[in-house]
1. Scan (1) in a loop (DSSP other than H, G, I, E, B); (2) free of Cβ contacts under 8 Å to residues at least 12 places away in the same chain; (3) small (Gly, Ala, Ser) for the single condition Ala419 breaks and write down its number.
2. Of all residues being touching a Lys or Arg at 6+ places or on another chain (Cβ under 8 Å) and over 16 Å from Ser378 (Cα atoms) in region 430-442, which is surrounded by the most Cβ atoms within 10 Å (Cβ to Cβ)? Just the residue, please.
3. Hey, which of the strands (runs of 3 or more DSSP E) in region 121-211, taking only ones fully inside, have at least 2 residues that are free of Cβ contacts under 8 Å to residues at least 24 places away in the same chain?
4. Of all residues in region 470-495, count the ones that are in contact (Cβ under 8 Å) with a residue 24 or more places away in the chain, on the phi < 0 side of the Ramachandran plot and surrounded by 13 or more Cβ atoms within 10 Å (Cβ to Cβ).
5. Within region 302-331, how many residues are surrounded by fewer than 24 Cβ atoms within 10 Å (Cβ to Cβ) and either assigned to a loop (DSSP other than H, G, I, E, B) or basic (Lys, Arg) (or both)?
6. For the subset of region 47-67 comprising residues that are of a type in the set (Lys, Arg) and surrounded by fewer than 16 Cβ atoms within 10 Å (Cβ to Cβ), which member is farthest from Lys113 (Cα to Cα)?
7. I'm trying to understand the selection: among the residues of region 507-538, which are of a type outside the set (A, V, I, L, M), under 18 Å from Leu446 (Cα atoms) and surrounded by 20 or more Cβ atoms within 10 Å (Cβ to Cβ)?
8. Would you mind stating whether Gln427 is of a type in the set (S, T, N, Q), assigned to a loop (DSSP other than H, G, I, E, B), crowded, with 16+ Cβ neighbours inside 10 Å and in the same structural domain as Tyr362 (by TED's automatic domain parsing)?
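The values are calculated or read from the model by the stated rules, or taken from the named source; none is laboratory data. Only a predicted model underlies this, so the values are computations on that prediction, with no experimental measurement involved. Please note: Cβ atoms are built from the backbone with ideal geometry, for glycine as well, and neighbour counts cover all protein chains shown.
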Amino acid sequence: MNFESRKYVLIAAVLFIAVVFLIRLFYVQVIDGSWKAVAANMAERRITDYPSRGFIYDRKERLLVANTPVYDLMMVPREVKPFDTLAFAALISVPPAEVRKRMAEARAYSLYKPSVIEKQIPADQFAAISVHLHKYPGIYGQSRTLRTYPPRTAAHLLGYLSEVSPAKVAADPYYKAGDVIGVGGLEQSYEEQLRGRRGVRYVLVDVHNNIKGSFKDQLYDTLAVEGLDLFTGLDIELQQLGERLMKNKKGSIVALDPKTGEVLTLVSSPTYDPELLVGRVRNTNYRILQQDPIKPLFDRALQAQYPPGSIFKILQSLIALEEGVITPNTTFPCNRALVGCHNHPTATDIEKAIQFSCNPYYYMVFKRMVERDIDKKSRFRDAALGLAIWEDHMKSFGMGRKLGIDLPSEKSGNLPGPAYYDRKYGQARWAFSTIYSASIGQGEVLVAPLQMANFAAIFANKGWYIEPHVVRAVGHPDSIQARYTEKHFTSVDPKWYDLIHEGMRRVVHEAGGTARQARIPGINMAGKTGTAENPHGKDHAVFIAFAPIEDPKIAIAVYVENSGFGGTWAAPIASLIIEQYLTGKIERQDVVKRMEEADLIAAEKNFVKPPKKPRRRP
């Protein structure tokens, strides 16, 4: 067959195929009306599949945070037919005016994209609603999950979920209006790991809101990826005990495993039930908590900053020994003309100075640290040089900076070095006599409770610490994060720590010690009390400790605001936490009862601070 003949055959074949398609199209669109009816009654719908947010577990893999199913009621305006607004409002328990407002907002946003009409409907309520949705074309339910807190504890540490802000939506393309995001605590710090990744399904639905199948055999669908679980070092029982002991008190408890840096418990008091900030009641409850005068939303363990009081003396002791300005047997008389003190025998060595917590002793220790006679021409420059040496040592203990815990909003405290005092008083216009209150942890020195617990861990380890952290592993309990294996060493020789340990042991176990109420039968504990001055009310009490001395397994700091002497409240509370952790039970139930029943917030309201006694300024 020649070329000319083949050309006509090809043209005929193409025309034949075209005629077949035209005939079939005519049949479908004109003769067979069923296809037209089906197309008119079908719509494509894009459904977001929200992944299950990662769970959070304690150190024994007990659930701290889980998920519970809820539903959002969605509306696609172009699919909506006229319906009885009053009946619909009654069905979803929303005022009719509010329903009309939300529908108008949805239409203004987009006729084709879904908008939320009602959020976070519990599963049992949605079951009653869903049987009526066939009456309301264009309105459907979309599943997602909310957080639930089985132990109902550790609210500050865990955080909560809130609707993402417009600013975050604009800044991060992952989020869309109506999404939730972690706020505070682990929910915020580990948002990317916990949230997972959204999926999308395209389905066909009929006019009765019934799903008729997938769109194009799931060609455009994407799978949701579940969030990663977090495995923490927290002990639920210890956390719940701490919250009971701190009930009706302001303050905090922070306990660490000194060998790993894991947070065993982190209590901020007053606290709140984490379930209050879940679901549709979150906004109402948040306003109530925010306006509460005792500030339950304030995380005192990380954000409160206090004078350390007498616990500062053990740091002063180490630095002075390292610098050689004192020896283990240095003696100073308890000269109360220098600085006020309580009745106790003369501190004839460093161990007794710690045991008796002698203020004049540490006044003289700090004086020797600052007045080093480095610059013989100017006592002001000499003080700056001496204080700079002291400041460098203090920084190695984590003073004046954030420790880097895996929680937001950590405060750094304040370490007043030469630059600080130059700004405050002017360069070369201050000397030891200006700053002597720092000798006993008062004045401009500030620490956060987390830093206090880290001090205790450093003393337990004789000079090193691992960065404090809540989460030990992400995704799998054995996937320990590498950054939490690095040891950070202080600038003080480990040889000095045994002296400090003995002094701290005497604080708890020997006559004249300031924390005798903290003794635990059968457990050798090292501790140090502190009383931080409060210009606005009763002084604050602080106690740090570690135990057992021979092989430390827990380091702790307890801070109780407006409670007076450190040994009265802070030390017993710390000892109960230690006893529970080391033995699994508490024998001293009378002490538990006394701590739980004490209402120091009520007592604070009735306290009248006596006039301060004048003290001679050196």
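1. Unmet condition: (1).
2. Ile440
3. In region 121-211, 180-183 are the strands (runs of 3 or more DSSP E) which contain 2 or more residues that are free of Cβ contacts under 8 Å to residues at least 24 places away in the same chain.
4. 11
5. 10
6. Lys60
7. Lys528, Thr529, Gly530, Thr531
8. Against the criterion (of a type in the set (S, T, N, Q), assigned to a loop (DSSP other than H, G, I, E, B), crowded, with 16+ Cβ neighbours inside 10 Å and in the same structural domain as Tyr362 (by TED's automatic domain parsing)), Gln427 does not qualify.
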